[in-house]
Every structure is written in C-alpha cells, then in structure tokens.
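Structure, as structure tokens:
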Amino acid sequence: MKHTLKWCMLFTIVMAFTSCTTMLTASDYDKKIDFSKLKSFSYYDKGIEHLELNNLDKPRMLNAVETALAKKGFVKTEQPDFLVNVAVLTSVKARADWGYSGGGYQWDTASSSYQWRDSQFGPLNTSKQYQSGTIIIDLLNPETKAIMWHGVSSGFNFDDYVNREERINLAVKKILSEYPPIY
C-alpha cells in the first residue's frame with residue numbers, strides 16, 4: 001500500500017510538471033533608442049512572407065502580436081515608428097514516455113530468458129520525437145531595418161495541438177512582457 005501511495009504521489013508531481021509548458025524568454029535592445037517615443041507599428045512584410053508557419057498558425061501568431069501590442073498602447077499604421085518581424089525556428093527533440101507497464105513474464109535481453117516483472121509505473125523504454133520551437137519577435141527601425149528590440153521564447157511544442165491558439169497567445173504575451181526594456 002505504501003508503494004502504491006508513493007507511486008501515486010510521484011505520478012501527480014510528474015504530471016504537474018510535464019503538463020506545464022516550460023518556455024524560457026529573453027530580450028535584448030539597443031540602448032541608444034528612446035522607446036518612450038514609439039507609438040505605432042507595422043509588419044516587416046519581407047520577413048512575414050518568410051514566416052514558416054501553416055495557414056492556421058500564421059494568422060494566430062500575427063493576431064497575438066497585434067493584440068499584445070495594442071494592449072501596450074501601440075496602433076498599427078502605414079507610417080510606423082517601428083516594424084515588427086516574427087520568426088520561428090524548430091528542432092526535433094525526443095522525450096521519454098512514462099506510463100504503466102503491466103506485470104508478467106517479459107523477455108530480458110541481458111539474460112536471454114523470460115523474467116517475471118511486477119507491474120510498475122514509471123519511465124518506459126520508448127521515446128517520442130516532437131518539434132520544439134523558438135519564437136522570435138524583433139522590432140526594427142523602419143528606415144534602416146536594424147533591430148531595436150529583440151525578444152525570444154524557446155521551448156514551444158509545435159506538435160501539441162491542444163489549446164494551440166491559447167498557447168501561441170501566451171508565448172507572444174510572455175515575450176512582449178519584456179518590452180519596454182528596463183533601463
């Protein structure tokens with residue numbers, strides 16, 4: 001009974017941590033810019049053309065950026081104070097699966113024989129690959145296209161379709177929470 005209680009507690013803790021999205025954010029900026037003078041934005045069309053997202057996620061991402069910037073008091077115009085560029089980079093990662101392994105006789109490759117195994121919960125001998133992404137938001141000088149502010153969030157799981165729009169909104173909001181920079 002004690003072992004069952006311990007496994008249940010471990011399961012609860014693991015599920016609590018793995019269900020949370022671990023996204024790390026960071027930002028950098030040009031210290032010569034007076035960000036208090038910036039009031040309007042537009043998208044950097046050349047960059048947005050190359051934004052590698054599907055036709056569902058691209059509008060979600062741009063809408064999340066516009067919403068977050070509007071909440072900060074910025075307006076979208078044809079003559080902007082800065083341009084917004086969004087980029088997404090992905091890489092394939094692997095994660096170990098956790099689950100229930102039923103008891104019974106199982107083949108043991110070390111001894112080349114069948115061995116009795118008790119049922120258990122924990123890491124299984126399988127792993128799954130997924131696409132981990134980095135979302136980058138740059139604010140550019142409209143004339144020179146130089147980066148004025150750079151925000152990044154890494155750890156976005158692009159293979160997870162549960163609450164995807166909300167997770168995109170949260171990632172963008174988290175990135176832009178670091179704007180304006182604190183001098």
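The values are calculated or read from the model by the stated rules, or taken from the named source; none is laboratory data. Since the model is a prediction, treat every value here as computed from it, not as a measurement. Backbone-built Cβ (ideal geometry, glycine too); neighbour counts: all protein chains shown.
Observations on the model:
- Filter result for the condition that a residue is of a type in the set (D, E) and either at pLDDT 95 or above or more than 30 Å from L170 (Cβ to Cβ) (or both), over E78, E52: E78
- Of the residues making up the stretch 67-92, just one is surrounded by 15 or more Cβ atoms within 10 Å (Cβ to Cβ), assigned to a helix (DSSP H, G or I) and more than 18 Å from the chain's Cα centre (by Cα), namely L69.
Each row is one residue, and each column tells you yes or no for (1) at pLDDT below 95; (2) in contact with a Pro (Cβ under 7 Å, 6 or more places away or on another chain); (3) outside any strand (DSSP E or B).
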residue: A110; (1), (2), (3): yes, no, yes
residue: P123; (1), (2), (3): yes, no, no
residue: S132; (1), (2), (3): yes, no, no
residue: I136; (1), (2), (3): no, no, no
residue: K145; (1), (2), (3): no, no, yes
residue: W149; (1), (2), (3): no, yes, no
residue: E165; (1), (2), (3): no, no, yes
residue: P180; (1), (2), (3): yes, no, yes
